[in-house]
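Down below is the structure, laid out as structure tokens.
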Ligand code: AQP
């Protein structure tokens, strides 16, 4: 049977990158799922604490993320939405997997280095900086693998930036099966479903990805932004000094990002190259491009913000608790079934 799992960190209100790279795909998979398919979407609070968080802030962000997931169209009758820490089996399996995962493979992961703004070459770090790296940040991909494997997920929809971690999760499953199951399929190596949208870049530094944790709020469009805020941020997006539209990701990253954003929302399904060609033919300026991008975004995004605020308030906040409690109940059942298989294979159970 199909089991779809994916997660998002409660580290702020989700932005357009999260929407196009993940959430829109989650909703599509839900809407197209066959009866009997299991859909599990987790708000991964244990991942969020790999970097320092304030407790009241984290608590608030978890609720806000839950409201945002409902606002983009996840339906609790079809998708189970839960906090990662509500299902202890995620961390339990993580420990077991970390006993078969190799340090060498983990140390080649690029994301933990980039979080600390380190170069790809970790050996360039001095000893003191190396010693202060946190263990949780280093072993983050093992927890991510456990998140997926504990539900025997067959498909994992993620953005392009997560491809490497998914490869690691497959490796963890294969290692585990080899070590404890003589190759039999105790854990299921999952398939990656890459979102059709490319990596969405920061509006201010178009060479780095749009991110919740970027210190500049103008770098991202939040799913809760008003039409006016969207307009302002797009008009202020960094481009370049050639005042004509063309699509060239390497030479013109800011313009390319705007074209890709537009293409992701275009009702006529035009790609960025085609949009650039059409605008070029019309001798459109960068301001014209920005105005069009803002217009297409405003057609879809502010409505999400309206629903988001309704969900946050619904039944004095109790509705969100109920959705999460039910999601966690389903997820615990799914995870416990896998843990029985795992514990028997390892020799931890009687
Ligand atoms: N810029 C992006 N373009 C396309 N997809 C993206 N995703 C994130 N940023 C982009 C996808 O969103 C999903 C959830 O991501 P996450 O919250 O688990 O962590 P992240 O990838 O680290 O996202 P952020 O926004 O940059 O968060 P912080 O700042 O907390 O690290 C993933 O499927 C990811 O591919």
Of the residues that sit in the stretch 217-232 and are more than 12 Å from the ligand (Cβ to nearest atom) and in a loop (DSSP other than H, G, I, E, B), which one is farthest from residue 287 (Cα to Cα)? 224
Got a sec? Which of 224, 179, 215, 205 is surrounded by fewer than 19 Cβ atoms within 10 Å (Cβ to Cβ) and at pLDDT 95 or above? 205
Being within 8 Å of the ligand (Cβ to nearest atom) and within 20 Å of residue 152 (Cβ to Cβ) is the filter here, so list the residues in the stretch 1-33 that pass it. 6, 7
Checking residue 80 against (1) more than 16 Å from the ligand (Cβ to nearest atom); (2) surrounded by fewer than 17 Cβ atoms within 10 Å (Cβ to Cβ); (3) under 15 Å from residue 324 (Cα atoms), the condition it does not meet: (2)
Hits in the stretch 149-193 (condition: part of a loop (DSSP other than H, G, I, E, B) and either touching a residue at least 24 places away in the same chain (Cβ under 8 Å) or within 21 Å of the chain's Cα centre (by Cα) (or both)): 150, 151, 152, 153, 154, 159, 186, 187, 188, 189, 190
Output for the stretch 182-202, where each listed residue is closer than 21 Å to residue 153 by Cβ, at pLDDT 95 or above and crowded, with 16+ Cβ neighbours inside 10 Å: 186, 187, 188, 189, 190
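Against the definition (closer than 26 Å to residue 342 by Cα and within 14 Å of the ligand (Cβ to nearest atom)), how does residue 203 come out, yes or no?
Numbers: closer than 26 Å to residue 342 by Cα: no; within 14 Å of the ligand (Cβ to nearest atom): yes.
In short, no.
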On the given criteria, is residue 246 more than 16 Å from the ligand (Cβ to nearest atom), modelled with pLDDT of 95 or more and under 23 Å from the mean Cα position of the chain (by Cα)? no
Note on the stretch 297-334: residues in the same structural domain as residue 39 (by TED's automatic domain parsing) and in contact with a strand residue (DSSP E or B) (Cβ under 9 Å, 6 or more places away or on another chain) are 323, 324, 325, 326, 327, 328, 329, 330, 331, 332, 334
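The values are calculated or read from the model by the stated rules, or taken from the named source; none is laboratory data. Keep in mind that this is a model prediction, so the values were computed, not measured. Positions of Cβ are backbone-derived with ideal geometry, glycine not excepted, and every protein chain shown enters the neighbour counts.
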